[in-house]
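Peer 1: Handing you this structure, nothing more for now.
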Amino acid sequence: MPTTLQGRRAKRRKYRRARIRNFLFTVGPDRLSGGRITRRHLSQECIVREIEVVSANWPSRFDGLRIGHISDFHVGELHSVDNALKAIEQLAACEVDLVACTGDVVDLDADLAGPVVTALGAVRAQLGSFLVLGNHDELHDPDTLEGMAIECGVNVLRNEAVEINRNGEKLVVAGIEWAKSAVKCATNVDIACGELTHLLLSHNPKAFLRATDLGVALTLSGHTHGGQVAMKNKPNTNLALAHRRSAGLFESNNSALFVTTGVGAWFPLRVNCPAEIAILTVRST
Ligand SMILES: [Fe+2]
């Protein structure tokens, strides 16, 4: 929660703008179309995508680790809690070692996050479940959302890192707070990644620029929703114009970035850009 009066006012303004956006792009079109647009959007299936990543910076004892990457549920008026729970069930069936959720659990109101973080914490994954918050999670009450997640056993990473030890070798997992610009993302990456980090969770894919400098083996991001409307067979030619890396896998030196198209959306349209859950197998050589 912002501590200054000015900060609190700015936050309230942001929340009000988000409500107006929600009315213009979600509630309005839905009412005008008698619910047809939303029904069609929600009838599209959420796919499971398998990806293999190889990085010499990945620790050998964790070779072959399976990460279940899920993001952007946007639980609210467009995407229901049930929709999010169904996607988490799909992920749980994939038998992963670690669950990584890269934010936007809710679209507007943090109160709706309870069942979703409960389900995330309940997925059987030997290295646990991790969460970073997205810009939508920040709109209402990020601290309450964080508290709910921690209570459910989910590791919430807000500019911090944790170490997981396995037979004397460690895997360092870091996560950063939401930031809009590449410069602010870089500042957060520097705070979170105090030493060599292997896995970075960042809602905004722009953190990858700094993560590459630091030799982070794998960065996982969401936020863009893959632009939601993309050209056929060209997933990176899409409506997320502010992002050079908006969907799929990108590699640079020994660092990789995977940007998921996410589960939910904030407007009811996806073209050539299905909702997805990503299962990443990470190899050290
Ligand atoms: Fe999002």
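Peer 1: Ranked by Cβ crowding within 10 angstrom, fewest neighbours first, how are Arg270, Arg8 ordered?
Peer 2: Arg8, Arg270
Peer 1: Count neighbours as other Cβ atoms within 10 Å of each site's Cβ, and list the trypsin sites (Lys or Arg not before Pro) in the range 137-211 that are DSSP loop with at most 13 such neighbours.
Peer 2: Sparse-neighbourhood loop trypsin sites (Lys or Arg not before Pro): Lys180.
Peer 1: Among Lys14/Lys232; Lys14/Lys184; Lys14/Lys206; Lys206/Lys234; Lys170/Lys206; Lys14/Lys234, which pairs are too far apart, with a Cα-Cα distance over 29 Å?
Peer 2: Lys14/Lys232; Lys14/Lys234
Peer 1: Still on this structure: Full-extension gain between Tyr15 and Asn272, please, as 0.36 nm times their residue separation minus the C-alpha to C-alpha distance.
Peer 2: Going from the current span to full extension adds 89.5 nm.
Peer 1: Further question: Based on the Cβ-Cβ distance from Arg166 to Ile47, what FRET efficiency comes out when R0 is 41 Å, to the nearest 0.05?
Peer 2: 0.85
Peer 1: At 10 °C and 1.306 mPa s, grab the translational diffusion coefficient of the chain from Stokes-Einstein with a Kirkwood Rh over Cα pairs, rounded to a whole number in µm² per second.
Peer 2: Using the Kirkwood radius from Cα pairs, D works out to 84 µm²/s.
Peer 1: For Val53, what is the net charge nearby, where nearby means another residue's Cβ is under 15 Å from its Cβ and Lys, Arg count +1, Asp, Glu -1?
Peer 2: Result for the neighbourhood of Val53: -1.
Peer 1: Only counting other Cβ atoms within 10 Å, I'd like Thr38, Thr224, Thr261 sorted with the fewest neighbours first.
Peer 2: If I rank by nearby Cβ atoms, fewest first, I get Thr38, Thr224, Thr261.
Peer 1: Could you state the number of Å between the C-alpha centres of the range 87-138 and the range 225-284?
Peer 2: 18
Peer 1: Once the Cα atoms of the range 50-97 are picked out, what are the Rg and Dmax in Å?
Peer 2: 14.6, 44
Peer 1: Here's another thing I want to ask about it. Given springs between every Cα pair under 10 Å in a Gaussian network model of the chain, which of Asn83, Asn165, Asn238 has the largest fluctuation?
Peer 2: In this elastic network of the chain, the residue with the biggest mean-square fluctuation among Asn83, Asn165, Asn238 is Asn165.
Rule-based calculations on the coordinates, nothing more; no lab input. This is a predicted model, so every value here is computed, not measured. All Cβ positions, glycine included, derive from the backbone under ideal geometry; neighbour counts span all protein chains shown.
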